[in-house]
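We did not get these values from a lab; they are worked out from the coordinates using the rules stated. Treat the numbers as computed from the prediction; the structure is a model and nothing was measured. Quick reminder, even Gly has a Cβ in these numbers, built from the backbone with ideal geometry, and neighbours come from all protein chains shown.
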Amino acid sequence: MKSLAAALLLAAAAPALAQSEAPTAPAPAAPTPAAPPRLIVAISVDQFSADLFQQYRNRFAGGFARLLSGGVFPSAYQGHAATETCPGHSTILTGMRPAHTGIVANNWIDQRVGRSDKIVYCSEDENVVGTTHESYTVSDKHLKVPTLGEMMKAANPATRVVSVAGKDRAAVMMGGHKVDELWWWDGKTYVSYAGRAEPRAVTRGKAVVAALVGRPQAALPLPTWCKPLDRPIQVGGQTLGQGRFERAAGDLKAFRASPAADAAVLSIAAGLIQDMKLGQGAQPDIIAIGASATDYIGHANGTQGTEMCIQMDQLDQALESFFATLDGWGIDYEVVLTADHGAHDMTERQQQRAMPMEAHVAPIAQIEAVGALVAAKLKLTDAPLIGAEGDVYIDDKLPAATRAKVLAEAQRIYQAMPQVAAAFPRAQIAATAMPTTPPETWTLIERARASFDPNRSGDLLVLLKPRVTTIETPAPGYVETHGSPWDYDRRVPLLFWRKGMTPFEQPLSVETVDIVPTLAATIGLPVSGLDGRCLDLDPGPATTCPN
């Protein structure tokens, strides 16, 4: 039976491809070509932790199995403290940490914004009249540094840069400012910036997805090796752990949090590669692909039920269908696959599995509660604190002397809480040197420094203790999360593959910021001033890391 991934790829590709099924055999073994690859394929699997990769690596038989025959770094790092989607994606194709990309969180506070909503979303233009951080105009304006695609295009204007993802922030942060095509799922369909012409590949993909969503989805097959995870758990008024992605016709939200969403993104990516003839010119091209379903599935179901197990199996098949399609076109491509952050399972299931320290954050730690305590202590009429993610901001209308008192009192209150690991004032973070040692050795404040921007970060950064989740009360679609400075959220796999590459595995840590200097060396593109370093992927002639 043809997999969902293969069916989507065939239907969304050009008619000539749809006449026969894409090849499924592994790419033939051959020496790594001496010339640089013609196409770089950079894939981010949202919320694909190193722990999840380790759990399933012996079960992969498709696309992940292929990547495991290349260069494998099973425990790479998103080294910074702000382990969220936007900061993580900003590191993957820039070679820079969030402290330099400017993407300190998914959302931050800017009290200078000329609208009542002072929260700024990382991929919006907050100056557009009538917008909020939840109803926004997508923009790349907050990304402060160029992506690899921009660097390639600056060196050779003929280079094509393409980005497609299940989230706008993934597409924008990996694509950058100068893209030829950039598309994302907006909750209803695939869209781009206003005024951009829709290419045929996207039109085909949208039509296929609309037809798919318009039909009900029967339960997906449960692999035999998933059966030990087939156990119910009660959380947030729901029974989870046994889902198989049944979906009613027209349920867009369920589609987004299912394996079909990743297969759709890969099918549109394949169509763009085919129609634009990426990888077939004299210059190297690049396509960034953001597979976002793992994150939505994890938030809604946790990581240890049938839902995530099926997702890993389906994504493995989808990747192999995608790679086999590129093989059939004869493209010389190099793949890098990683993640924007990790995660760990929901609190309730962890508590059942010998993790009694697992806990939801107490209501007293919420920004409103702390602000009320500070106001009462200092006899202020209005709440002096504003919050976004882990950053706490002090009302800038307060006099400087009062602001200093507010900061000191807020820090005192937070540090006294049993669930808080640290509360760092911005001056302390700013005075900390950027870390230069391996990321697993970084102190908490060094992790905070790696994602600190003086113009966007808060006045106080509050970090919870390990296994204390920021979810106060679980709810449908939100029973598990990430964003902590701890290694279960920081560690991600980093996989490189190119036909003929000498297989190897390096268990010691590297960082996602190492991707850009490594790929740049592969295509002979000089780069400098990055946070990352070049990794030697092959002992043969393909190794071009500068000394």
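Considering the options Thr441, Ala365, Gln350, tell which one lies farthest towards the positive end of the dipole of region 347-496, charges being +1 on Lys and Arg and -1 on Asp and Glu at the Cβ, about the Cα centre.
Thr441
Which of rounded, prolate, oblate describes the chain, given a ≥ b ≥ c as roots of the alpha-carbon gyration tensor eigenvalues and a/c under 1.5 marking rounded, otherwise prolate only if a/b is larger than b/c?
Prolate, because a/c is 1.5 or more and a/b exceeds b/c.
Through the Karplus equation 6.51 cos²θ - 1.76 cosθ + 1.60, θ set to phi - 60°, convert the phi angles of region 456-467 into ³J(HN,Hα) values in whole Hz; use x for Gly and Pro.
Rounded to whole hertz, the list is 10, 6, x, 7, 8, 9, 9, 10, 7, 5, x, 6.
So if R0 is 51 Å, what FRET efficiency would Ser69 and Gln234 give, r being the distance between their Cβ atoms, rounded to the nearest 0.05?
In this case the efficiency is close to 0.80.
What chymotrypsin sites (Phe, Trp or Tyr not before Pro) does region 126-233 have in DSSP loop regions with at most 12 other beta carbons within 10 Å?
none
Add +1 for every Lys or Arg and -1 for every Asp or Glu among the other residues with Cβ under 15 Å from the Cβ of Leu495, and state the total.
Once positives and negatives cancel, what remains is -3.
Only Lys, Arg, Asp and Glu count, each charged at its Cβ (+1, +1, -1, -1), so figure out the dipole size of the chain about its Cα centre, rounded to 20 debye.
Working: 48 positive and 56 negative charges, 43 e Å.
Computed charge dipole of the chain: roughly 200 debye.
Counting pairs of alpha carbon atoms under 8 Å apart in space and at least six apart in sequence, what relative contact order in percent does region 453-547 give?
18
For Gly243, enumerate residues with amide H under 5 Å from its amide H, sequence gap 5+ or separate chain, H modeled in the peptide plane.
HN-HN under 5 Å from Gly243: Thr306, Glu307.
So what is the relative contact order of the chain, in percent, for Cα pairs below 8 Å that sit 6 or more residues apart? Please list the in-between numbers first.
Values: 1237 pairs, mean separation 156.7, N = 547.
Taking the mean separation of contacting Cα pairs over the length of the chain, I get 29 percent.
State to the nearest 20 debye the size of the charge dipole of region 140-295 about its Cα centre, where the only charges are +1 on K and R beta carbons and -1 on D and E beta carbons.
Using Cβ point charges on Lys, Arg, Asp and Glu, region 140-295 gives about 160 debye.
Note the full-extension length gain between Gln54 and Leu222 as 0.36 nm times their separation in residues minus their Cα-Cα distance, in nm to one decimal.
58.5 nm
Return the percentage of antiparallel bridges among DSSP beta bridges fully within the chain, rounded to the nearest 5 %. Before the final figure, lay out each step's value.
Numbers: 31 of 58 bridges.
Percentage antiparallel, nearest 5: 55.
Given a Förster distance of 30 Å, report the FRET efficiency between Lys141 and Ala197 from their Cβ-Cβ distance, rounded to the nearest 0.05.
For R0 = 30 Å, the calculated efficiency reads 0.85.
Add -39500 (n - 2.57) for each DSSP H run of 4 or more in the chain, then divide by its residues: what number comes out at 222 nm, to the nearest 500 deg cm²/dmol?
Result for the chain: -9000 deg cm²/dmol, rounded to the nearest 500.
Which ³J(HN,Hα) values, rounded to whole Hz and listed in residue order, are derived for region 78-84 from phi using the Karplus coefficients 6.51, -1.76 and 1.60 in 6.51 cos²θ - 1.76 cosθ + 1.60 with θ = phi - 60°, glycine and proline given as x?
After applying 6.51 cos²θ - 1.76 cosθ + 1.60, I find 8, x, 6, 7, 8, 7, 10 Hz.
Take the residue pairs Lys141/Lys206; Lys144/Lys178; Lys206/Lys499 and return only those whose Cα atoms are more than 21 Å apart.
Lys141/Lys206; Lys206/Lys499
For region 92-138, what are Rg and Dmax over the alpha carbons, in angstrom?
Cα radius of gyration and Dmax of region 92-138 are 11.7, 35 Å respectively.
So, in Å, what gap is there between the alpha-carbon centers of region 83-127 and region 407-471?
17
Please enumerate, by chain and number, the aspartates and glutamates with C-alpha under 13 Å from the C-alpha of Lys377, excluding those fewer than 8 residues away in the same chain.
Correct list for Lys377: Glu409.
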